[in-house]
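Every read-out reported here was derived from the displayed coordinates using simple, explicitly stated rules and does not represent laboratory data. Bear in mind that the values here come from a model prediction, so they are computed numbers and not experimental data. Virtual Cβ from ideal backbone geometry, glycine too; neighbours counted across all protein chains shown.
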Amino acid sequence: MESKSKKKVFIEGPISSSFIAQAIAKHSTKKEIGAHSIFLGQVRQDNIDGNQVVAIEYTAYQTMAEEQIHQIRETAFEKYPLTCLHIYHSLGRVDAGDICLFVFTSSKHRQAATEACTYLVERIKKEVAVWGKEIFENETYQWKQND
């Protein structure tokens, strides 16, 4: 199979709803597509040991992470009959409630799109060199105090 070109993966800050909407709208001209599957990862406002998470600061070893994602994409295209496949991950601070991961698959049929989307998310979470550090409410408050 022909290798796909490497794509831009990282976005500074949260992934906006307008970015997601534009990505979906761009596919309306591709009339061979019959199904899309979308995964949106959102930062949870967890409570850990009495401390509330207000954001996550994402970092990555970008060169390695981009290569890992490229290889995962290649495998997904070999494994599933996909028309399109897009992956975007946040870097930097993403507040609770905001989107940090956007995986978008397209295919002629829904089964391939949904199975590929799940496959991609699982591999990204397990294998890609991206890390998140929780920022807690009390840390944010102290940081603002020192501003």
- Query: Got a sec? Which of Ala65, Ala25 is of a type in the set (Gly, Ala, Ser) and surrounded by fewer than 13 Cβ atoms within 10 Å (Cβ to Cβ)?
  - Reply: Ala25
- Query: Restricted to segment 88-107, and to residues that are touching a Leu at 6+ places or on another chain (Cβ under 9 Å) and either more than 24 Å from Val53 (Cβ to Cβ) or of a type in the set (Lys, Arg) (or both), which residue is surrounded by the most Cβ atoms within 10 Å (Cβ to Cβ)?
  - Reply: Thr105
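Could you tell me whether Lys30 is among the charged types (D, E, K, R), closer than 23 Å to Arg110 by Cβ and free of Cβ contacts under 8 Å to residues at least 24 places away in the same chain? Steps first, please.
Numbers: among the charged types (D, E, K, R): yes; closer than 23 Å to Arg110 by Cβ: yes; free of Cβ contacts under 8 Å to residues at least 24 places away in the same chain: no.
For Lys30, the condition - among the charged types (D, E, K, R), closer than 23 Å to Arg110 by Cβ and free of Cβ contacts under 8 Å to residues at least 24 places away in the same chain - is not met.
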- Query: Taking segment 114-135 as the search range and keeping residues that are in contact (Cβ under 8 Å) with a residue 60 or more places away in the chain, under 12 Å from the mean Cα position of the chain (by Cα) and closer than 25 Å to Val54 by Cβ, which one is surrounded by the most Cβ atoms within 10 Å (Cβ to Cβ)?
  - Reply: Val130
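Kindly indicate whether any position in segment 41-49 is under 25 Å from Asp95 (Cα atoms), loosely packed, with under 15 Cβ neighbours inside 10 Å, without any contact (Cβ under 8 Å) to a residue 12 or more places away in the chain and among the polar types (S, T, N, Q).
Pass one, segment 41-49, residues under 25 Å from Asp95 (Cα atoms): 41-49.
Of the ones still in play, those that are also loosely packed, with under 15 Cβ neighbours inside 10 Å are 42, 44-49.
Of the ones still in play, those that are also without any contact (Cβ under 8 Å) to a residue 12 or more places away in the chain are 47, 49.
Subsequent filtering for residues that are among the polar types (S, T, N, Q) retains 47.
Checking segment 41-49: at least one residue is under 25 Å from Asp95 (Cα atoms), loosely packed, with under 15 Cβ neighbours inside 10 Å, without any contact (Cβ under 8 Å) to a residue 12 or more places away in the chain and among the polar types (S, T, N, Q).
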- Query: Out of curiosity, is Ala76 within 17 Å of Tyr119 (Cα to Cα) and surrounded by 18 or more Cβ atoms within 10 Å (Cβ to Cβ)?
  - Reply: yes
- Message: Being out of contact with any Pro (no Cβ under 9 Å at 6 or more places or on another chain) and among the hydroxyl-bearing types (Ser, Thr, Tyr) is the filter here; which residues of segment 84-121 pass it?
- Response: Tyr88, Thr105, Ser106, Thr114, Thr118, Tyr119
